[in-house]
Every structure is written in C-alpha cells, then in structure tokens.
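Single-structure report; data block below.
No lab work stands behind these numbers, since they all come straight from the coordinates. None of the values given here were measured: they were computed from a predicted structure. Every residue, glycine among them, receives a Cβ derived from its backbone with ideal geometry; neighbour counts consider all protein chains shown.
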Amino acid sequence: MYPETPRQMASRDFDPRTIPFDSPVYVGPIGYGRPRPTYDLLEETDLLVFVGTVPGDVITDGFVCRQDWNKKNFLVTIDPSLRGRSGPVSHQIVAKPDVFARDLSKLELPVKDEWRQWSARMRAEQESFSALPPATPGEGPARMDTLMANLVSALPSDAIVTFGAGEHTNWAHRYFPTRRYASMLSARNGSMGYSVPSAIAASLAYPDRRVVTIVGDGEFLMNGQELATAAQYGATPLVIVMDNQEYGTIRTHQERQYPQRISGTQLKNPDFALMAQAFGGFGARVEHDRDIPAALEAALQAIERDRVFALVHLVVEQRVKAY
Ligand SMILES: Cc1ncc(C[n+]2csc(CCOP(=O)(O)OP(=O)(O)O)c2C)c(N)n1
Ligand SMILES: [Mg+2]
C-alpha cells in the first residue's frame, strides 16, 4: 500500500486523525473476522508497519500468520521494551504514532506502478466487501443485513459505532463507514460488555453526533442495565441488540473444534425492547425482516424528538453470519 499525498487528502472531506472508509488507500480491518483477501495481504506484503499496535495474537491468528522472520515487520511505538515481546518484529522505530504519521506524510516518496496496482486491487476487494446489502426487506425472519443497509444509509457521515465482542460485531466491521475521529470504539482485547457503556460515554462526550452500538444478546445480558445511566444523564445512543439466542462466537469455536458437541452456549432471553422501555427509553422488538425499516425510523425519531436512548431488539436466526 502506498500513502496518499497531503494534496490528495486535502482534496477530499478529510479528518487528519483517521484514514477514512472512502479513502483509496483504506483496504479494510485486519482484526477478527477479516475477509480472506485481507488475510492474504498480511502474508504478501513486503513491508508491514505497525503504528501504535503490535503483531499480536489477533492480527496473526494466534501467531500463525506473518511469522517469517525474513519479512520486514516494523513496529512504531513509544515503548522500547515491546521489541522481543511482540512476535516477529524485524525493526522498531521508537516514536509517538502521531509524530510518526505527521513526518511520514511530509515525505514525498517515489511510487512504483506495481504498488499502485496492488493498492487498487486491495481497494477493489474492500469496496465489494463493504458494499451494502439490499435495503429492501425479505419475507422471512429479521436479518442483520437488512438492518445495516437501512441503518447506514440513514446516518450522518460523522456517526460513531461501538461494540464489544461476538459475531454481531462483524456487521459493524464490514459495513459501518468510519470517516471522523472517533468513529469506531471497541476494546482491543475484545471484551464483551463494552458496547452499551461505551455508547453511553460516547453519546455524552459527543452530544451532537449520532452514536450507535451493535450489541449481542450475551453481551447485553452482561451490563445492559447501564441504560439506567443513559436515562440518568440524558445519553441518547441507538442500541441494536442482535438476538441470536446464543453465545454465537463460542458455539462457532465449539462446532469447529468439537463438532456436534455444543455446550453451555444457548440463551433464553427476555424482551429487550420492554427492558429499554422500563429504563425510560424507546424500545422496539423486531422478528420479521419487513418490520425493520419502520422500527429503525421510529427509533431514530424517538432519539431526535424525545432526546431519549432507543433500542431495537432484532430477533435473528441462529448461525447467520456477516460473511
Ligand atoms: C468479558 C468477556 N467474557 C467472555 C468473552 C469470550 N467471548 C467472546 S464472544 C462471546 C460470546 C458473545 O455472545 P453474544 O454477545 O451473544 O454475541 P454473538 O457471538 O452471539 O454475536 C464470549 C463468551 C469475552 N470476549 N469477554
Ligand atoms: Mg448472541
């Protein structure tokens, strides 16, 4: 990948603190749930520079990917002790990430044609991966695809998304456009239960921005009661609970490692929409795909008009994944 020049950046609606979703050099997330081409990218690329992060277990799939010590893996952090404790790091630059990025953007580097082609190929993969699914609902049960298509197109460009851990987060990774800092909030170690509290905090910190959180049913049962805090302090996040009646991620691990032997992963859930109402916000429960657009519209209206938080409880089929 080659960087955009400052002139290219200035020619677009650009926030210098983030690489926007629409940038020709943004080729997608490389954490959990990344698509196959992005995984291949890690092995293929001749130089990988980790800025403010390390090639830890998530990025390397448990220290499998990018372990060849002949490859160039650069680490840019302010902590000199990280080298030797962060997997196959060939070089370390001890620098603050923002200072490094600032100085990097000043360099006028020659760009080889093959780099351009390579970036364009990865960008094309990302564009097709993140293209929204059809917004028109189907006949059957509610689907996260339909929800995301309707949600993303109804959001302002500076919207913020938060999430914790689980398969539901993959819809946010895949489709949620990130253009303004801060636009995607999550814990680097993938803690469940981060979603609702972080959305409340983000909503209070940025009262003029639309904050959405994508929450799993398992996650919501951990600290969904934080909606009381939202009610108390007037936070107005939109909470989307994807209810697949299970700890989906853990079941996926079980199916992979021990086929036919799932255990302790099924959930019996309450009506989360009624809970939201009980806590003083808007709540809608959606079981059919056809009801998604109206429920979303009503939730966004409640946020605007009544200045309350809103929750959409989406009951989906089990085993349906973002990709
Ligand atoms: C605090 C915490 N406990 C346990 C885990 C392990 N874990 C990761 S995802 C997951 C299940 C998540 O279930 P749910 O929120 O329903 O999401 P789904 O995968 O079904 O979308 C668990 C138990 C974790 N990441 N964090
Ligand atoms: Mg679940």
Task: Relative contact order for region 132-315, counting Cα pairs under 8 Å that sit 6 or more residues apart, in percent - done: 24
Task: Among beta bridges that DSSP assigns inside the chain, antiparallel share in %, nearest 5 - done: 5
- [ ] Would you pull out the residues with amide H under 5 Å of residue 49's amide H, same chain only if 5 or more places away, H placed 1.01 Å from N?
- [x] 74
TODO: Measure out, as a whole number of angstrom, how far apart the alpha-carbon centroids of region 178-220 and region 37-101 sit.
DONE: 26
- [ ] Once you have the Kirkwood Rh of the chain from its Cα pairs, apply Stokes-Einstein at 10 °C and 1.306 mPa s and quote D in µm²/s.
- [x] 75
Task: In order through region 259-268: 3J(HN,Hα) via Karplus (6.51 cos²θ - 1.76 cosθ + 1.60), integer Hz, x for Gly, Pro - done: x, 6, 10, 6, 8, x, 10, 8, 10, 10
Task: region 9-129: C-alpha pair distances exceeding 22 Å, % - done: 41
Open item on the list: Can you give me the C-alpha center-to-center distance between region 259-323 and region 236-257, rounded to a whole angstrom?
Closed with: 13
Open item on the list: Between helix 195-205 and the chain, what is the angle of the helix's C-alpha long axis to the longest principal axis, kept within 0 to 90° and rounded to the nearest 10?
Closed with: 80
Task: Amide H contacts under 5 Å for residue 142, placed H, 5+ residues apart - done: 288, 289
Task: Gain upon complete extension [residue 225, residue 83; 0.36 nm per residue less C-alpha separation] - done: 47.0 nm
Task: Under the Karplus curve 6.51 cos²θ - 1.76 cosθ + 1.60, θ = phi - 60°, whole-Hz ³J(HN,Hα) for region 44-55, x wherever Gly or Pro sits - done: 6, 5, 7, 9, 10, 10, 9, 9, x, 8, 10, x
- [ ] Can you spot the lysines whose alpha carbon is less than 20 Å from residue 112's alpha carbon? Ignore those fewer than 8 places along the same chain.
- [x] 71, 72
Open item on the list: Using helices alone, I'd like the mean residue ellipticity at 222 nm for the chain: each DSSP H run of four-plus residues gives -39500 (n - 2.57), total over residue count, nearest 500.
Closed with: -10500 deg cm²/dmol
TODO: Report the residues of region 282-323 in range of a label on residue 139: point 7 Å along Cα→C-beta, backbone N strictly under 17 Å from it.
DONE: 288-291
